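Down below is the structure, laid out as structure tokens.
Derivation of every value follows stated rules applied to the coordinates shown; laboratory data play no part. What you see is a predicted model, and the numbers here were worked out from it, not measured in a lab. Note: ideal-geometry Cβ built from the backbone for every residue, glycine included; neighbour counts use all protein chains shown.
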Ligand SMILES: Cc1cc2nc3c(=O)[nH]c(=O)nc-3n(C[C@H](O)[C@H](O)[C@H](O)COP(=O)(O)OP(=O)(O)OC[C@H]3O[C@@H](n4cnc5c(N)ncnc54)[C@H](O)[C@@H]3O)c2cc1C
């Protein structure tokens, strides 16, 4: 054995239980990656698995960016290349094409964060309109997506949620938010492009929900166009999904639901503790997992009115959904069921599901390097855990490199 292969971690064991779609087939999972790209992915995951290095790297990158040091090239050729499509839609075309070859769709995610001016809200609206137009041109982009905080100030969304009486200026500001949201959903409806509204923190989520249901009632009467997001780490979400399905049925529109576990757990726990209100998050991970899978069961049984997209990197949940679909005789590519993962993560799930003819898409974030840094820091942070999907992915990449070496 050469020194190089000694660097690879142990081969991942196949689960003993028979599974409907195997996520172990690395030749399918990494078919879109050349040897050199795969080696780069391997080293990147190897580095990101070292928590101290991620913390140190994040610290120095933040300082370097603040001091305008020339590190953009380094970022662009490493972490940005792994997790982003490019700096613009045009830049992302290569990724869109690569994914499409493997029957994986793209969800263009304009990932600029932290801008809180009316000008930036209008610019973001225009950019998302471009993603809708691009999606309408071909079948390789099945969904568009936006975050309401890209179109509105968090303070305003929170003020609306707690029922503060808005002054004249705030009312005008909120009218502009309503107009931006409507502009995006209307265009999506006109172009027949499904559009996700991402879920965010609980202290603004009621406002986002209210906007989403208004949009669905306006644009989902012929087919599901607007999808709201349900965070199953919130103990109320399963009941809300049931309630909203009944309401959609009663009002005669289709409910679109992206099911996720939820991304803001730590923040939510800290705030509810500090401000002494009931923690909106489930007590344990097992409770979140239970409700996520219960939501799958509920959705599959209510496909007459409910369409879902599972936004998850959890292999068990994906297998669970596949198994339930099989048992219920639901075709693999049933238009009411989609799976979605983030670019650069869980390719073993996305590509193997797509290869078995399930509907799959990847969020492909894009935007200027400096502006997507918060997104990239979150990905690096998520991938530093030794346990879990990222470490598993590191092993799968190693397996595939070893397999390719054996084929030569
Ligand atoms: C395509 C896509 C779209 C997404 N869109 C959104 C979005 O709009 N809004 C959003 O908030 N997130 C979104 N996410 C992120 C998502 O919510 C999760 O944070 C992330 O995917 C990890 O969860 P998992 O199901 O992949 O895997 P897992 O690793 O199985 O689950 C991890 C998740 O479980 C939950 N959890 C962990 N520990 C506990 C605990 N002790 N108690 C209770 N719950 C716990 C947390 O939600 C944590 O993120 C999206 C993810 C994807 C792939």
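Using alpha carbons only, how many degrees (0 to 90, rounded to 10) separate the axis of helix 265-274 from the longest principal axis of the chain?
Computed tilt is about 50 degrees.
For 227, 363, which order do you get if you count the other beta carbons within 10 Å of each Cβ and list the fewest first? Before the final figure, lay out each step's value.
Numbers: 227 27, 363 22.
Ordered from fewest to most neighbouring Cβ atoms within 10 Å, 227, 363 come out as 363, 227.
How would you rank 76, 362, 147, 119, going from fewest to most other Cβ atoms within 10 Å of each one's own Cβ? Show your work: numbers first, answer last.
On the way: 76 14, 362 26, 147 21, 119 8.
Lowest to highest Cβ neighbour count: 119, 76, 147, 362.
Looking at the chain as a GNM with Cα springs under 10 Å, which of 275, 133, 327 has the largest mean-square fluctuation?
Among 275, 133, 327, the largest GNM mean-square fluctuation belongs to 275.
Using a/c under 1.5 as the rounded threshold, could you call the stretch 214-373 rounded, prolate or oblate? The axes a ≥ b ≥ c are square roots of the C-alpha gyration tensor eigenvalues, and prolate needs a/b larger than b/c, oblate otherwise. Walk me through the numbers on the way to the answer.
Values: a/c = 1.40, a/b = 1.14, b/c = 1.23.
It is rounded, given that a/c, with a ≥ b ≥ c, falls under 1.5.
Which one of 19, 360, 397 has the biggest mean-square fluctuation once the chain is modelled by GNM with Cα springs under 10 Å?
Answer for the Gaussian network model of the chain: 19.
Pairing the Cα long axis of helix 168-191 with the longest principal axis of the chain, what angle in degrees results, from 0 to 90 and rounded to the nearest 10?
Result, in degrees: 60.
What's the FRET efficiency of residue 247 with residue 286 using the Cβ-Cβ distance as r and R₀ = 22 Å, to the nearest 0.05?
Working: r = 29 Å, r/R0 = 1.33.
Efficiency, from the Cβ-Cβ distance: 0.15.
Work out how far the C-alpha atoms of the stretch 136-211 reach from end to end along every principal axis, then list the three figures in whole Å, largest first.
Result for the stretch 136-211: principal-axis Cα extents of 44, 24, 16 Å.
For the chain, compute the orientation-averaged projected area of the C-alpha convex hull (one quarter of its surface), in nm². Don't jump to the answer; show the numbers that get you there.
Details: hull surface 85.4 nm².
Mean projected area of the Cα convex hull: 21.4 nm².
Using a Gaussian network model on the chain with a 10 Å cutoff between Cα atoms, which of 332, 68, 313 fluctuates the most?
Highest fluctuation of the listed residues: 68.
In degrees between 0 and 90, to the nearest 10, how far off the longest principal axis of the chain does helix 118-137 point, with axes built from Cα atoms?
In the chain, helix 118-137 runs at an angle near 60 degrees to the longest axis.
Assuming 1.567 mPa s and 4 °C, estimate D for the stretch 141-264 with Stokes-Einstein, Rh taken as the Kirkwood radius over Cα pairs, in µm²/s.
Numbers: Rh = 14.8 Å.
In µm²/s, the coefficient is 87.
Just order 165-178, 207-220 by mean Cβ neighbour count inside 10 Å, highest at the front, would you?
Details: 165-178: 12.9, 207-220: 20.4.
Per-residue mean Cβ counts within 10 Å order the peptides as 207-220, 165-178.
Could you tell me the largest-minus-smallest coordinate of the C-alpha atoms of the stretch 277-321 on each of the three principal axes, in descending order and whole angstroms?
So the three principal-axis extents are 37, 24, 14 Å.
For residue 126 paired with residue 270, estimate the spin-label separation in nm (one decimal), with each label point 7 Å from Cα along the Cα-to-Cβ line.
If labels sit at residue 126 and residue 270, their model points lie 3.5 nm apart.
Show that you can apply the helix-only estimate: for the chain, add -39,500 (n - 2.57) for every DSSP H stretch of four or more residues, divide by all residues, and state [θ] at 222 nm to the nearest 500. Provide the component values of the computation, followed by the final result.
Working: 17 runs with 222 residues, N = 408.
My calculation for the chain gives -17500 deg cm²/dmol from helical runs alone.
Label the stretch 81-223 by shape, choosing from rounded, prolate and oblate, from the square roots a ≥ b ≥ c of the eigenvalues of the Cα gyration tensor; if a/c is under 1.5 it is rounded, and otherwise prolate applies when a/b is larger than b/c, oblate when it is not. Each step should come with its number before you reach the end.
On the way: a/c = 2.26, a/b = 1.69, b/c = 1.34.
Prolate is the answer for the stretch 81-223, as a/c is 1.5 or above and a/b outweighs b/c.
For each of 74, 343, 300, count neighbouring Cβ atoms within 10 Å of the residue's Cβ, then give the residues from fewest to most. Kindly include the intermediate steps, with their values, before the conclusion.
On the way: 74 13, 343 24, 300 19.
Ranked by crowding around the Cβ, least crowded first: 74, 300, 343.
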